[in-house]
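The values are calculated or read from the model by the stated rules, or taken from the named source; none is laboratory data. Owing to the predicted nature of the structure, the values given are computational and were not obtained by experimental measurement. Glycine also receives a Cβ, built like all others from the backbone with ideal geometry; neighbour counts cover every protein chain displayed. Just so you know, the surface numbers come from the protein's heavy atoms only, side chains and all, with ligands and any DNA or RNA stripped out. Shrake-Rupley method; radii C 1.70, N 1.55, O 1.52, S 1.80 Å.
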Amino acid sequence: MAQNIYDNPAFFEGYAQLPRSQQGLDGAPEWPALKSMLPDLNGKSVIDLGCGYGWFCRSAREMGAAQVTGVDISEKMLARAAELTPDAAIHYQRSDLESLVLEENSVDLVYSSLALHYLPELDTLFGHIQRALKPGGSLVFSMEHPIYTCASRQGWLTDDNGERFWGVNQYQQEGQRVSNWLAEGVIKYHRTLGTTLNALVKAGLALREVNEWGPTQAQIDAWPALAEEAERPMLVLIAVDKPQ
C-alpha cells in the first residue's frame with residue numbers, strides 16, 4: 001500500500017495552507033495547460049485518481065461530465081471533498097490506487113493530478129486504466145518531473161534489495177525517495193521519464209501529448225517563487241488515449 005501521508009496531521013495542516021488547497025484549480029499554475037489536454041467532457045463518465053479536495057471533480061461537472069468519481073486514500077481529504085461537494089452526480093470513494101478495481105470499458109476519462117509519484121510501480125495501474133477506459137477514452141495526468149524528483153542532492157535511497165542508504169540522487173537510479181516536505185518521512189518514487197512513457201505504451205495506450213511544464217513570464221511576475229520551475233521542469237503533464 002502506498003504511504004497515506006495526507007492523513008498525517010502535520011502534513012494535512014501544511015497542505016491546507018497551499019494555494020492549490022485554498023484556491024482550487026486557480027491556485028495550480030499548471031492547470032491551464034492540463035485543462036487544454038482534456039477531451040470534451042460533455043455527457044462523459046470521469047474518474048479522478050487522488051482527488052484530494054475534489055476540485056477537479058467539481059470542475060469536470062461544470063464542463064459537462066455526467067458522472068464523476070473521486071478516489072483517494074486519505075480519509076481527511078475525502079471528508080473535506082464531501083464538505084465542498086453538494087452534487088449527487090459526484091461520488092467519492094476511499095481506495096489505495098495500487099489495489100483499485102475498475103469496471104472494464106466503463107469510463108471516458110481517467111484524470112490524476114500529482115498523485116502517481118507516490119506509487120512504487122505504475123504498470124499494474126496503467127493496465128487497469130487501459131481496461132477501464134472505453135475505446136477512444138483518455139488518461140490525462142500530472143506528476144512530479146523526474147528531473148525534479150532526482151535533483152542532485154543528498155537523501156535516502158533504496159537499493160534493489162530494499163535496503164535504505166544515504167546517498168546522492170542519480171537520475172538513472174530509480175526507486176524510493178524520502179523527503180521532509182510539509183512533514184518528515186514523505187515517501188515518493190523516482191522513475192525516469194522513459195520508464196513512465198514505456199509503461200503507458202506497454203499498457204496499450206497511445207501517447208497524445210507530453211508537456212514538460214514550465215511557467216510563463218506572466219506567471220513568474222505574479223508568483224516569483226515559480227522562477228525555479230523555469231530553470232528545470234518540476235512537473236510533467238501527459239495525455240494518452242485508448243485506441244478505438
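I'd like the full set of residues that are exposed (fewer than 14 other Cβ atoms within 10 Å of the Cβ) and of a type outside the set (Gly, Ala, Ser), limited to segment 97-110.
VAL101, GLU103, GLU104, ASN105
Do you know which residues across segment 25-54 are under 13 Å from the mean Cα position of the chain (by Cα) and assigned to a helix (DSSP H, G or I)?
Those that are under 13 Å from the mean Cα position of the chain (by Cα) and assigned to a helix (DSSP H, G or I): TRP31, LEU34.
For segment 111-135, how many residues are of a type outside the set (D, E, K, R), over 14 Å from ASP48 (Cα atoms), open to solvent by 10 Å² or more (accessible area, probe 1.4 Å) and outside any helix (DSSP H, G or I)?
2
Just checking, does segment 96-110 include any residue being outside any loop (DSSP other than H, G, I, E, B), within 16 Å of the chain's Cα centre (by Cα) and polar (S, T, N, Q)? Spell out how you get there, then give the answer.
Quick first cut of segment 96-110, residues outside any loop (DSSP other than H, G, I, E, B) only: 97-99, 107-110.
Now narrow it down to the ones that are within 16 Å of the chain's Cα centre (by Cα): 97-98, 109-110.
Imposing the further condition that a residue be polar (S, T, N, Q) reduces the set to none.
Within segment 96-110, none of the residues are outside any loop (DSSP other than H, G, I, E, B), within 16 Å of the chain's Cα centre (by Cα) and polar (S, T, N, Q).
Looking at LEU38, LEU25, which is the one that is touching a Phe, Trp or Tyr at 6+ places or on another chain (Cβ under 7 Å) and surrounded by fewer than 23 Cβ atoms within 10 Å (Cβ to Cβ)?
Details: LEU38 fails: touching a Phe, Trp or Tyr at 6+ places or on another chain (Cβ under 7 Å).
Just a single option satisfies the conditions, and that option is LEU25.
What pairs can you find where one residue is in segment 171-185 and surrounded by fewer than 16 Cβ atoms within 10 Å (Cβ to Cβ) and at pLDDT 70 or above, the other is of a type in the set (Val, Ile, Thr) and in a loop (DSSP other than H, G, I, E, B), and their Cβ atoms are less than 9 Å apart, with a gap of 6+ or different chains?
What qualifies is TYR171/THR192; GLN172/THR192.
Restricting to segment 206-234, and then to whatever is touching a strand residue (DSSP E or B) at 6+ places or on another chain (Cβ under 8 Å) and either in a strand (DSSP E or B) or open to solvent by 60 Å² or more (accessible area, probe 1.4 Å) (or both), can you tell me which residue is modelled with the lowest pLDDT?
GLU212
Can you report the number of residues in segment 123-133 which are in contact (Cβ under 8 Å) with a residue 60 or more places away in the chain and either among the polar types (S, T, N, Q) or within 16 Å of LEU207 (Cα to Cα) (or both)?
Of the residues in segment 123-133, 6 are in contact (Cβ under 8 Å) with a residue 60 or more places away in the chain and either among the polar types (S, T, N, Q) or within 16 Å of LEU207 (Cα to Cα) (or both).
Just give me the residues in segment 188-199 being open to solvent by less than 40 Å² (accessible area, probe 1.4 Å) and either of a type in the set (Phe, Trp, Tyr) or touching a residue at least 40 places away in the same chain (Cβ under 8 Å) (or both), in sequence order. I'd like the intermediate steps shown before the answer.
To start, the set of residues in segment 188-199 that are open to solvent by less than 40 Å² (accessible area, probe 1.4 Å) comprises 188, 190-194, 196-197, 199.
Scanning segment 188-199 gives LYS188, HIS190, ARG191, THR192, LEU193, THR196, LEU197, ALA199.
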